[in-house]
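Since the structure comes first, as structure tokens, the remarks are kept for the end.
The values are calculated or read from the model by the stated rules, or taken from the named source; none is laboratory data. Nothing here was measured: the structure is a model prediction, and the numbers come from that model. Positions of Cβ are generated from backbone atoms using ideal geometry, with glycine treated the same way; all protein chains shown enter the neighbour counts.
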Amino acid sequence: MLRRVLPRQLRLPAASSSRRALHLTPRRRAEDRDTFDPANVERASDDVDVCIVGAGPAGLSAAIRLKQLEKERGRDVRVVVLEKGSEVGAHILSGAVIEPRALDELLPDWKTMEGHPLTQPATSSTMRWLTATGSYPMPHPPQMNNTGNYVVSLSQFTAWLGGVAEAEGVEIYPGFAGAGAVYTDDGTGVLGVVTNEVGLDRKFRMKDSFEPGMEFRAKVTLVAEGAHGSLSKVLQNKFRLRDGRDPQTYGIGVKEVWRVRPEVYEAGKTVHTMGWPLTTDMYGGSWLYHMADGMVSVGLVIGLDYPNPYVSPYKEFQRMKHHPYFKSLLEGGECLAYGARTLNEGGFQSIPKLHFPGGALIGCSAGFLNVPKIKGTHNAMKSGMLAAEAAYDALGEEVQQGQAADMSAYEEKIRQSWVWSELREVRNLRPSFAKFGFWGGLMYSGVDSLITKGRTPWTLHTTVGDAEHTKKARDCKPIDYPPPQPPLSFDILTSVSLTGTNHAEDQPVHLRLNAGVDARKQHVRENVEEYAGLLGRACPASVYEYVEQDAAPAREREGENVEEVGWGGKKLVINSQNCIHCKLCDIKVPTQDINWTVPEGGGGPKYSLT
Amino acid sequence: MRPTPRSLLRILVPVKRCVDYAVKIRVNAQQTGVETNVKHSMNPFDEIAVEEAVRLRERLKDAVKGITAVTIGPSKAQETLRTALAMGADDAVHVETPEAAIVEPLAVAKLLRAVMDKKGPYDLVILGKQAIDDDAGQTGQMLAGLLGCAQATFASKLDVDVGAGTADVTREIDGGLEQVRVKLPAIVTADLRLNEPRYASLPNIMKAKKKPLEKLKPEDLGVDITPRLQMLKVTEPPKRVGGQKVDNVDELIAKLKKAGVLPGAA
């Protein structure tokens, strides 16, 4: 049932359809367009029981569980899932080796289901220490043992899970982002989600194709955007969900999928490495997973608390492939896919308060990744299932019109579940590296993972976010990365084209700096002077460039065009079309003045193998 | 086609599901075609065709009786029809072909003619000028040939006079722009500058689920879709080799002679 919803204070006469008339006027010149006014817009609106933002493992597990409960208990529930990617699976990537624990609970018969992508069991797991020229076997914590797990493409797994959800009657709308929340009249609760506006030009004026975002009024809203989600960020700030918790910390994962020569392919083999090319002031390591069909997933994770602003995660990964250990595997093969995404490293101490009036955070939006295992899918799925159970119960309760539902039962359920105890056991491993340095952390982790297993009375804490760990460029050494040598290593733009990313051109730049000319100047000054233009090196899609400003005449127009504003002869160029939605910039920019917001839905990468 | 009462226009919009334009194409391992396990979308020129049909209805209002979208393809092609319905088509027809079947432009044209016989009559067929996967650019023209009716291809502007039963089309040709007037029924193929397609808004996508969608098979329409062409091999283009710099004109001439581009000994 669709109805027009007008803002409270504005009651237009029914005959007035001035907004609709826009579509019938002939195309107007850009200068004649009206600026979009968020306070003065008519939105289509629809009522659902549960609205889930994000069609990833957490969101889809929640949706499927809700439909299972509908069958078990008989009360209908309408579930809508919004996904900013152009199709389910397009924006997700990971190693990945999945622990089927949550899947076994959600879909006990999954092995008999048609088309499931868990066709490649992990057959071995080893760890190696790399030096510049050699590689040596190394003991690994028991968490990294992969017996019983499956090597998959998370994109394909998610796409399959999406098909299962749709077959159960879940409505999934790819190409539409959950851009903002709908709040109760007094602002204390969430009553649903608004999708993003489409058809705005770069200056926020309405084009002929303008359509306002649609409103989904939901009794329960589940936010499942993955690590560092944009809506999650807004809700965590508004409802102070992080009070009393450690800040969330992150790593950046950069990966490629290769088809390798049959002679070197060993189905199901999983390897992790530490050491080269990372220096001991960086936490991280690589993975090498032999997937099904002769393909290999290879990638590098670097903790975003790295101090040297000259580091380029992309280039570290490219040069790593020339190490004899990787070269012998990848040589003669073909690179099929590339992608990058940030992942949570904060673990147990960084889990925020999980619920707010009217909804909850599930999956990596909350942050349930088990860092030593480097697995989060099983925890994400389980959190989705528990949230679904709490939501279903909450729907059964009488909620007054305009009041938000109570999802506190979900937090209780998570604390009683194996997700909580699993994360609690490994809570000190990753923080020990930050606290005791690389070698201290390695030793501590060895003891804690093998012997004490987290049964210590203390908990190590992180006190600052990743961006604050960045040292000034003058205190660090620039890094001399080797140039790309195809067919083994590539330049970044070739890799970006492999992601299939694109965004419609004439739309507002979705990477938002603080407004105004002064803020822009300040950003350029500090980033170029103090941090050697960190974003230009860190972004895995070459979105940010600190380049020479145009000659003087352009500078006179600075007042008109904030994008031309600069400092010391340099300006910031944002190639937002390249963005692959990894969120690194929002997390790592030293000046913490970049806000990642959702672009028009359907844009972004088109992962299918990752 | 049987002539229709001049007062109401029925529009048919054939659409095709192709590999999405932003995806990097790879040749498949068997060298018989491209990797198809990637994102697909509606052919961009067909999007323009759907948009034009919807705009025609907005301009001519009641003079347009209905817009039917039709696609020929495997079961997933249904998503393309849903997009067309969400953009403003009224109903849809899906001619379902086997997953691995190759349907050539001639077979498509024959199937479209059969659909028009079965569900028609239609006064105007608007489709994209070419599909971005095969770049054939033949279907519209072949359909006009089979039907014996007018065609106006590479349209960058379309105006229909329903009362007179004609359409004025501006065509993009090598020399510039050509304006033709065709008698309806006619086939129009859409070029890039015809319009900028609208977004399928979420409310419309939800409404589209309720619009009628009929499924047919080639056998039901009595058309044999066996390919007339055999694909021998598909390979990537040769890798571009680096060029060379020369120091002076004499060296350039010597190199060109050596490469056999200029006559004479090097």
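Descriptive notes on the structure:
- Applying the condition of being on the phi > 0 side of the Ramachandran plot and within 14 Å of chain B (Cβ to nearest Cβ) to region A:582-610 and asking which residue is surrounded by the most Cβ atoms within 10 Å (Cβ to Cβ) yields A:G604.
- Pick from region B:199-218, criterion touching a Ser or Thr at 6+ places or on another chain (Cβ under 7 Å) and not aliphatic (A, V, I, L, M), ranking: farthest from the other protein chains (Cβ to nearest Cβ): B:P218
- Residue check for A:G244: more than 26 Å from A:S495 (Cβ to Cβ) and over 22 Å from the mean Cα position of the chain (by Cα): yes
- In region A:300-319, of all residues being part of a loop (DSSP other than H, G, I, E, B) and not polar (S, T, N, Q), the one that is farthest from A:N344 (Cα to Cα) corresponds to A:Y310.
- Within region A:305-319, residues that are over 11 Å from A:A532 (Cβ atoms) sit with their Cβ atoms under 6 Å from residues that are of a type in the set (G, A, S), at 6+ positions apart or across chains, in these pairs: A:Q318/A:S489.
- Number of the condition not met by A:V528 [criteria: (1) more than 14 Å from chain B (Cβ to nearest Cβ); (2) in contact with an Asp or Glu (Cβ under 7 Å, 6 or more places away or on another chain)]: (2)
- Residues in region B:87-96 that are in a loop (DSSP other than H, G, I, E, B) and surrounded by fewer than 21 Cβ atoms within 10 Å (Cβ to Cβ): B:G88, B:D90.
- A:V182 falls short on exactly one of the conditions (1) away from chain B (no Cβ under 14 Å); (2) buried (at least 18 other Cβ atoms within 10 Å of the Cβ); (3) touching a residue at least 40 places away in the same chain (Cβ under 8 Å), and that condition is (3).
- Qualifying residues in region B:179-198 (those that are assigned to a strand (DSSP E or B) and in contact with a Ser or Thr (Cβ under 7 Å, 6 or more places away or on another chain)) - the one surrounded by the fewest Cβ atoms within 10 Å (Cβ to Cβ): B:Q179
- Selection over region B:106-129 of residues that are closer than 14 Å to B:Q141 by Cα, outside any helix (DSSP H, G or I) and out of contact with any Leu (no Cβ under 9 Å at 6 or more places or on another chain) gives a count of 1.
- Members of region A:489-503 that are more than 12 Å from chain B (Cβ to nearest Cβ) and either farther than 14 Å from A:Y314 by Cα or surrounded by 17 or more Cβ atoms within 10 Å (Cβ to Cβ) (or both): A:S489, A:F490, A:I492
- Whichever residue in region A:162-178 is on the phi < 0 side of the Ramachandran plot and more than 12 Å from chain B (Cβ to nearest Cβ) and, among such residues, is nearest to the chain's Cα centre (by Cα): A:G162
- Subset of region B:111-149 [more than 11 Å from the chain's Cα centre (by Cα) and surrounded by 21 or more Cβ atoms within 10 Å (Cβ to Cβ)]: B:L111, B:L112, B:V115, B:M116, B:Y122, B:D123, B:L124, B:V125, B:M142, B:L143, B:A144
- Contacts under 6 angstrom Cβ, first residue in region A:252-269 being within 14 Å of chain B (Cβ to nearest Cβ), partner surrounded by fewer than 18 Cβ atoms within 10 Å (Cβ to Cβ) and not acidic (D, E), 6 or more apart: A:R259/A:G294; A:R261/A:G332; A:Y265/A:G294
- Any hit, region B:200-215, residues being more than 30 Å from B:P98 (Cα to Cα) and either outside any loop (DSSP other than H, G, I, E, B) or of a type in the set (D, E) (or both): yes
- Residues of region A:114-173 that are small (G, A, S), in contact with a Gly (Cβ under 6 Å, 6 or more places away or on another chain) and part of a helix (DSSP H, G or I): A:S155, A:A159.
- Residue that is nearest to B:A136 (Cα to Cα), among those in region B:149-207 that are free of Cβ contacts under 8 Å to residues at least 24 places away in the same chain and among the hydroxyl-bearing types (S, T, Y): B:T170
- Check on A:L336, without any contact (Cβ under 8 Å) to a residue 60 or more places away in the chain and either assigned by the TED database to the domain that holds A:V543 or within 24 Å of the chain's Cα centre (by Cα) (or both): no
- Taking the criterion of being surrounded by fewer than 23 Cβ atoms within 10 Å (Cβ to Cβ), in contact (Cβ under 8 Å) with a residue 60 or more places away in the chain and away from chain B (no Cβ under 14 Å), the residues of region A:71-103 that qualify are A:R73, A:R75, A:V77, A:E99, A:P100, A:R101.
- Residue-level check: of (1) more than 19 Å from the chain's Cα centre (by Cα); (2) at pLDDT 95 or above, A:A292 misses just (2).
- Output for region B:169-198, where each listed residue is in contact with a strand residue (DSSP E or B) (Cβ under 6 Å, 6 or more places away or on another chain), closer than 24 Å to B:Q138 by Cα and within 14 Å of chain A (Cβ to nearest Cβ): B:R193, B:L194
- Residue check, B:V95 within 30 Å of A:H503 (Cβ to Cβ) and either aliphatic (A, V, I, L, M) or over 18 Å from the mean Cα position of the chain (by Cα) (or both): no
- So A:P540, is it within 14 Å of chain B (Cβ to nearest Cβ) and crowded, with 21+ Cβ neighbours inside 10 Å: no
- Selected residue (criterion: farthest from the other protein chains (Cβ to nearest Cβ)) from residues of region B:19-61 that are without any contact (Cβ under 8 Å) to a residue 12 or more places away in the chain and part of a helix (DSSP H, G or I): B:K61
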